[in-house]
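Colleague: Structure incoming, see below.
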Amino acid sequence: MRPYIICHMITSIDGRLHPSRFTEAAAGVSADALSSHYEEVAGRFEAEGWIVGRKTMSELATGAKRVITNAPSVAREPHVVDRNGRNLAIAIDPSGRIHYGQDHIGGDHIIAVLSEQVSDAYLAELREDGVSYIFAGPTGDDLPGAMAQLASIFGIRRLLLEGGGTINGAFLRHRLIDEFSTLIQPAVDGVAGSPSIVDYNGVDGAHPGAGQALRLIGFEALKGGTVWLRHAVEEAPGPRP
Ligand SMILES: NC(=O)c1ccc[n+]([C@@H]2O[C@H](COP(=O)([O-])OP(=O)(O)OC[C@H]3O[C@@H](n4cnc5c(N)ncnc54)[C@H](OP(=O)(O)O)[C@@H]3O)[C@@H](O)[C@H]2O)c1
């Protein structure tokens, strides 16, 4: 068992990732209204938390690296802190590069998903900060195993996957996305090669969505011209690749 995972993203009409690169709002359209849709729609899902890749979480975490000497050698086992009913902010950070300095992001309790290769000093830093952590196998790429632990250890049933494109691509490749929630802003990026909202870059990257099919399950026009699309991810008909 693992949580139900909804990949919730905002994008331009050409599927790009970085809102800072999008064209401006048209005359008479409120840029604030456009940017408010993301959190408002996220709230409608009543998820118990959100997952992001290491780069996205690095933009949100405010801690600084600390030198912790004489950290005890500890087993690579889950470290579970009482979240006191808070939602969860989950970072996929195999190398242990993010420094939090506290146990929450915007009030949501942090869980770091790590590889077993991170140092004892880094684990000590997380424990000092009050951050929970689990391990995604020896190299940190066992995302299905990590998601199963979120269900079995933390009892989580529904999560939002909130990017960036790299981690979304990895989740797609592992068949860990149950639904896409896509906000298409009336804007364009337009540059060839600009990162997109699903950007798998593994060695077998030709078809990360192989064997999966999308079914439209909802659409809504929002204030200012953003279009919200919902797609369920299903097993594709035909033989499994
Ligand atoms: N448009 C939106 O709705 C939206 C939403 C969220 C974020 N963003 C933007 O997206 C940008 C970051 O996106 P991004 O795609 O560059 O990075 P990302 O997905 O946030 O993070 C990628 C990192 O995740 C780690 N990772 C862990 N397991 C992995 C796996 N199995 N496969 C691949 N990577 C794995 C790697 O960290 P290591 O390098 O440490 O190994 C990798 O570099 C930010 O600028 C953010 O503002 C946009």
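Colleague: Please give the helix 120-129 orientation as an angle from the longest Cα principal axis of the chain, in degrees from 0 to 90, rounded to the nearest 10.
Modeller: That works out to roughly 70 degrees.
Colleague: Quick one: what are the phi-derived ³J(HN,Hα) couplings along region 94-108, Karplus 6.51/-1.76/1.60 with θ = phi - 60°, whole Hz, x for glycine and proline?
Modeller: So the Karplus estimates, Gly and Pro as x, are x, 8, x, 9, 8, 10, 9, x, 6, 9, 8, 10, x, x, 8 Hz.
Colleague: Which order do 50, 228 fall in if you start with the one that has the fewest other Cβ atoms within 10 Å?
Modeller: 228, 50
Colleague: Hey, another quick one. Pull up all non-local amide H partners of residue 135: gap of 5 or more, or a different chain, and H-to-H distance under 5 Å with H placed in the peptide plane.
Modeller: HN-HN under 5 Å from residue 135: 114.
Colleague: Suppose a student asked you for the relative contact order of region 51-155, using Cα pairs under 8 Å spaced at least 6 residues apart; what percent would you report?
Modeller: It rounds to 29 percent for region 51-155.
Colleague: Which percent, nearest 5, of DSSP beta bridges in the chain are antiparallel?
Modeller: 40
Colleague: Per 10 Å bin, what percent of the C-alpha pairs of the chain does each bin hold, from zero upward?
Modeller: 7, 30, 34, 21, 7, 1
Colleague: In addition: How far, in degrees from 0 to 90, does helix 31-44 lean away from the longest principal axis of the Cα atoms of the chain, to the nearest 10?
Modeller: The helix 31-44 is inclined about 60 degrees to the chain.
Colleague: For the residues 93, 14, what sequence is obtained by ranking on other C-beta atoms within 10 Å, fewest first?
Modeller: Fewest-to-most Cβ neighbours within 10 Å comes out as 14, 93.
Colleague: Taking the mean number of other Cβ atoms within 10 Å as a proxy for protection, how do you rank 64-72, 212-220, 139-147, 162-170 from highest to lowest?
Modeller: Result, highest mean Cβ count within 10 Å first: 162-170, 139-147, 212-220, 64-72.
Colleague: So what's the angle, to the nearest 10 degrees on a 0 to 90 scale, between helix 143-154 and the longest Cα principal axis of the chain?
Modeller: That helix lies at roughly 70 degrees to the long axis.
Colleague: Turning to a different aspect of this structure: From Cα pairs below 8 angstrom and at least 6 apart in sequence, can you work out the relative contact order of the chain, rounded to a whole percent?
Modeller: 30
Colleague: Given axes a ≥ b ≥ c from the Cα gyration tensor, I'd like to know whether region 117-231 is rounded (a/c under 1.5), prolate (a/b larger than b/c) or oblate.
Modeller: It is prolate, given that a/c is not under 1.5 and a/b is the larger ratio.
Colleague: Fully extended, how many nm does the chain gain between residue 139 and residue 13 (0.36 nm per residue separation, minus their Cα-Cα distance)?
Modeller: On the way: separation 126, 0.36 × 126 = 45.36 nm, distance 3.58 nm.
Between residue 139 and residue 13, full extension yields an extra 41.8 nm.
Colleague: Further question on the same structure: Just grab the label-to-label distance for residue 32 and residue 223, each label 7 Å out from Cα along the Cβ direction, in nm (one decimal).
Modeller: Label-label distance for residue 32 and residue 223, simple model: 1.0 nm.
Colleague: Given Cβ point charges of +1 (Lys, Arg) and -1 (Asp, Glu) and nothing else, what value in debye, to the nearest 20, does the dipole of the chain about its Cα centre take?
Modeller: 200
Colleague: What is the set of long-range amide H partners of residue 4 at a cut-off below 5 Å, with H atoms built 1.01 Å from backbone N?
Modeller: 158, 159
Colleague: Continuing with the same structure: Dipole magnitude of region 161-225 about its Cα centre, charges +1 at Lys/Arg Cβ and -1 at Asp/Glu Cβ only, in debye to the nearest 20? Before the final figure, lay out the partial values.
Modeller: Working: 4 positive and 7 negative charges, 21 e Å.
I would put it at about 100 debye.
Colleague: What are the semi-axes of the equivalent ellipsoid of region 51-155, taken as the square roots of 5 times the eigenvalues of the Cα gyration tensor, listed largest first and rounded to whole Å?
Modeller: Semi-axes, largest first: 18, 17, 13 Å.
Colleague: May I ask you to derive the FRET efficiency for residue 97 and residue 1 from their Cβ-Cβ distance with R0 = 22 Å, giving the value to the nearest 0.05?
Modeller: Working from the Cβ atoms, E equals 0.15.
Colleague: Given the options 202, 137, 101, state which has the largest fluctuation in a GNM of the chain using a 10 Å cut-off (strictly under) for Cα springs.
Modeller: The residue with the greatest mean-square fluctuation here is 202.
Colleague: Here is a further query. Kindly state, to the nearest 0.05, the FRET efficiency for residue 153 paired with residue 65, given R0 = 25 Å and r defined as their beta-carbon distance. Can you show the working numbers first?
Modeller: Working: r = 27 Å, r/R0 = 1.09.
The value I calculate is 0.35.
Colleague: Determine, for 234, 179, 116, 46, the number of other Cβ atoms within 10 Å of each Cβ, and report the residues in order from fewest to most.
Modeller: Numbers: 234 11, 179 20, 116 15, 46 7.
Ascending number of Cβ neighbours within 10 Å: 46, 234, 116, 179.
Values in this text are rule-based calculations from the coordinates and carry no lab data. Everything numeric in this text was worked out from a predicted model, so none of it was measured. Virtual Cβ from ideal backbone geometry, glycine too; neighbours counted across all protein chains shown.
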